[in-house]
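Participant: This structure is in structure tokens; I'll ask about it shortly.
Quick note: the coordinates plus some simple rules give every number you see, no bench work behind them. Only a predicted model underlies this, so the values are computations on that prediction, with no experimental measurement involved. Don't worry about glycine lacking a Cβ; one is built from the backbone with ideal geometry, like all the others, and counts go over all protein chains shown.
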Amino acid sequence: MDVSLINSLPESVRVVNDALLSQYTTFGLGGRCPALLDCPDAEALCASAQRLVEAGIDFEVIGQGSNLLVSDVGIESVVLRYCAEEHPVVSVDGCCVRVSGNTLLNDLACTAIEHGVGDLSFCCGIPGTVGGAIAGNAGAFGRQIGDVVESVRLMEKDGTIREVAREELEFAYRSSVLKQSGAVLLEALLRLERCNIEAMRSERDEIMALRRSKHPDWRKTPCAGSVFRNIEPTSAAGRRQAAGWFLEQAGAKAFRVGGAHLFDKHANIIVADPDATAADVYRLSEMMITAVREKFGFDLTREIKLLGTF
Ligand SMILES: Cc1cc2nc3c(=O)[nH]c(=O)nc-3n(C[C@H](O)[C@H](O)[C@H](O)COP(=O)(O)OP(=O)(O)OC[C@H]3O[C@@H](n4cnc5c(N)ncnc54)[C@H](O)[C@@H]3O)c2cc1C
């Protein structure tokens, strides 16, 4: 990246030229980008984005990279990383919780529980940042983060900043308006309920044990969680059906492409062995789509976001 542009960035921004994106995704896969700007806070993120907009340089924003599959040949955009793995910024005032978008979702859930405000135990153990979670309306056990969002502070793609009420965010199953607009969530205000700390702690422990029994630990077994969205009900009375069930019936658990295969306890999770490439994961996901189409006659939709060309 141009030296004068780098010099115009806030000092707190860590610039990694020619960054290897595999180091910034839970799949541990993906090629390079021209530069990765690791932004420690919203001010640094906004200032960096504004410099890039002025210079006409395209950028992508990522959080912890836990829902991404980056192409082996990398991407042409600069990457702004907004992820605070060590310093959660959460303030609790009664039942209102203000949290920065780069805070890890699990840190938010644990802090809320320790302050005696709840409804977030379902977030325990979900990787990623609050920004990534609200953009994709992350959830588990029939609950979703969008349910507790009151308002957010956003940076639009052109660098302008605005406050937005929840009604404008159009939360739906694993979706919000941010997914289409590309606006970046800087901070969120959540409204929670008073809760009993001991009860929430034990709920958190149960949820963590359940997750450990069903999901891989991405630090040891690289993955990006569920590859496909669950299936919308076909009638108003129906419930959303697990994509994993259809995949299992279609025999997908036996599939393997190079170093990519399915997690033995969950047919909707692809795991990457050390020799896997992003192309292996992509080809395996295509095989999964074909298998379900041939057996059940419908197409699965990817939940993970593809970055780059496949
Ligand atoms: C082992 C494992 C288990 C998982 N279990 C679950 C689960 O139970 N439920 C669930 O919902 N998900 C689950 N996931 C998926 C993932 O954790 C979530 O999608 C998470 O919310 C992604 O956050 P992130 O910060 O990693 O986003 P990234 O993967 O970095 O980015 C994903 C998308 O969010 C956008 N984004 C990132 N930060 C921001 C921001 N600040 N503002 C606006 N957009 C932003 C990116 O541009 C990108 O489009 C799991 C993943 C793994 C690896």
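Participant: From the P(r) of the range 90-213, can you give the percent of Cα pairs sitting at distances over 18 Å?
Facilitator: Here the tail beyond 18 Å accounts for 48 percent of pairs.
Participant: If you don't mind, there's one more thing I want to ask. Antiparallel versus total DSSP beta bridges in the chain: what percent is that, nearest 5?
Facilitator: Restricted to the chain, the bridges split so that about 80 percent are antiparallel.
Participant: Right, another one. Within the chain, which is the longest segment containing none of the GluC sites (Glu not before Pro) that sit in a DSSP loop and have at most 16 other Cβ atoms within 10 Å?
Facilitator: Within the chain, the longest run free of exposed GluC sites (Glu not before Pro) spans 171-310.
Participant: Starting at 0 and stepping by 5 Å, how many percent of the alpha carbon pairs of the range 44-150 end up in each bin?
Facilitator: Calculated P(r), rounded to whole percents: 2, 12, 20, 21, 17, 12, 8, 5, 2, 0.
Participant: Step by step: find N for the range 3-81, compute 2.2 N^0.38 Å, then divide the Cα radius of gyration by it. What's the final number?
Facilitator: Relative to the 2.2 N^0.38 Å estimate, the range 3-81 comes out at 1.04.
Participant: Using the Karplus curve 6.51 cos²θ - 1.76 cosθ + 1.60 with θ = phi - 60°, what ³J(HN,Hα) values do you get for each residue of the range 10-27, in whole Hz, with x for Gly and Pro?
Facilitator: x, 4, 6, 7, 8, 9, 10, 6, 6, 5, 8, 6, 4, 7, 10, 10, 6, 6
Participant: Using only C-alpha atoms and all pairs of different ones, pull out the Kirkwood radius for the range 149-259 in Å with one decimal. Mind showing how you got there, number by number?
Facilitator: On the way: mean 1/r = 0.0549 Å⁻¹.
Here the Kirkwood hydrodynamic radius works out to 18.2 Å.
Participant: Per 20 Å bin, what percent of the C-alpha pairs of the chain does each bin hold, from zero upward?
Facilitator: That works out to 32, 58, 10, in percent per bin.
Participant: Taking the DSSP beta bridges in the range 3-81 as the whole, what percent of them are antiparallel, to the nearest 5?
Facilitator: Antiparallel bridges make up about 45 percent of those DSSP assigns within the range 3-81.
Participant: Right, another one. Counting each DSSP H run of 4 or more residues in the chain as -39500 (n - 2.57), what helix-only mean residue ellipticity at 222 nm follows after dividing by all residues, to the nearest 500 deg cm²/dmol?
Facilitator: Here the helix-only value at 222 nm equals -8000 deg cm²/dmol.
Participant: If you add up the charges near Asp280, with Lys and Arg at +1 and Asp and Glu at -1, over every other residue whose beta carbon is less than 15 angstrom from its beta carbon, what do you get?
Facilitator: Around Asp280, the surrounding residues sum to -2.
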